[in-house]
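Read-outs throughout are calculated quantities, based only on the coordinates presented, and are distinct from any laboratory measurement. Here the structure is a predicted model, which is why all the values come from computation and not from measurement. As a convention, Cβ positions derive from the backbone with ideal geometry for all residues, glycine included, and neighbour counts pool all protein chains shown.
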Amino acid sequence: MILDTKKTGVLPVSRITYQDANLEIADQFKKELLALIDEGNPKVILNFETVTYIDSSFLGAMVAALKHAMSINGDIYLVGLRKDIHNMMQLIRMDKVFKIYTHAEDVA
Amino acid sequence: MQFIFNHSAAHIRPLLLGIEQHIKKEVTACTDDIDQLLNRCKFIITELCTNAIKHSGETKSVLHVYKHNSELIIKRSDTGKPFSAIFNNNRISFPLTTTMNMLTLMEDDINRLAMQPLDNYSAMFYTEQKESSEDFTGQKINEHFGLIIICLSASRFVYTYNPDDGSNTYTVSIRLT
């Protein structure tokens, strides 16, 4: 499993369990996230605290999942991003697409 | 300095670590912000390598990383499939057979990726960013970011096909400040 999901608060928090968020796991990640959304969780918090780098394939999978979530009035919130990954999100303006917070508790 | 990349996702992180050490030694004195430079290099190398795995059809690439005048140069070369892209529902591939103007390869609400052929054997990539609107929903966002990430991290990004040996070289330059 790529996502380790816990439901202690209002929204499920899914921690990405791999350090390398890359093309090798992008398809499986998307499959797991879409399944979670379709199980009645249109709003999901994705926790990146374990991730040390992210590539374009993984970003593509995130965007595909976000589009699916939004189509059912859901959303995907990102937390625990390292500074360099946050910088990349800003560089390609994905910080305008995803809602980014420092901690899961900050997501209202 | 030369680095060999075996086309495996598992090889990207060790490769990044090796190149980062080299860049620190080579250019720390030439830049005001080594962390920002290293970040940009990390994004560029990750995407050059990811593209190689996905599209080259080869098992190995050679990367060269070096300082040239006031720029850091990152080159990745392979002898796999030449660069190709879909434009107006047609696949264009190198070497080009006709003279072409700038081509928009991808456009969404945020980014436009374009390619300017320099001749039949080479092209430069560009990215233009748009202002997103207040009611932006994310539904019209493209899911392909590789070349855009490289363009936005680089000062110049050029592809060259060598017809003599069938090699492809992606050259990325970053101005050192």
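Below are the figures for this structure:
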item: Gaussian network model of chain B, Cα within-10 Å springs - most flexible of B:53, B:141, B:74; result: B:141
item: Order of B:105, A:3, B:113 - criterion: other Cβ atoms within 10 Å of each residue's Cβ, fewest first; result: B:105, A:3, B:113
item: Order of B:125, B:145 - criterion: other Cβ atoms within 10 Å of each residue's Cβ, fewest first; result: B:125, B:145
item: Neighbour-count ranking [beta-carbon atoms within 10 angstrom, fewest first] of A:88, B:1; result: B:1, A:88
item: For residues of B:139-152, the mean tally of beta carbons on other chains within 10 Å; result: 5
item: Label-reachable residues, segment A:8-23, where backbone N falls under 16 Å from a point 7 Å from residue A:82's Cα toward its Cβ; result: A:16-23
item: Inter-part distance where segment B:1-58 and segment A:1-32 are each reduced to a Cα centre, Å; result: 26
item: Per-selection Kirkwood Rh - chain B (Cα, Å, 1 d.p.); result: 17.1
item: Extreme residue, positive dipole direction of the protein assembly as shown, given options B:151, B:104, A:102 (C-beta unit charges); result: B:151
item: Pairwise FRET efficiency - residue A:90 versus residue B:89, Cβ, R0 = 35 Å, nearest 0.05; result: 0.60
item: For the protein assembly as shown, size of Cβ-based charge dipole, Lys and Arg +1, Asp and Glu -1, in debye; result: 280
item: Per-residue mean of C-beta atoms belonging to partner chains within 10 Å, peptide A:49-62; result: 4
item: Label-zone membership for segment B:56-86, site residue B:103, 7 angstrom Cα→C-beta point, backbone N under 14 Å; result: B:82-86
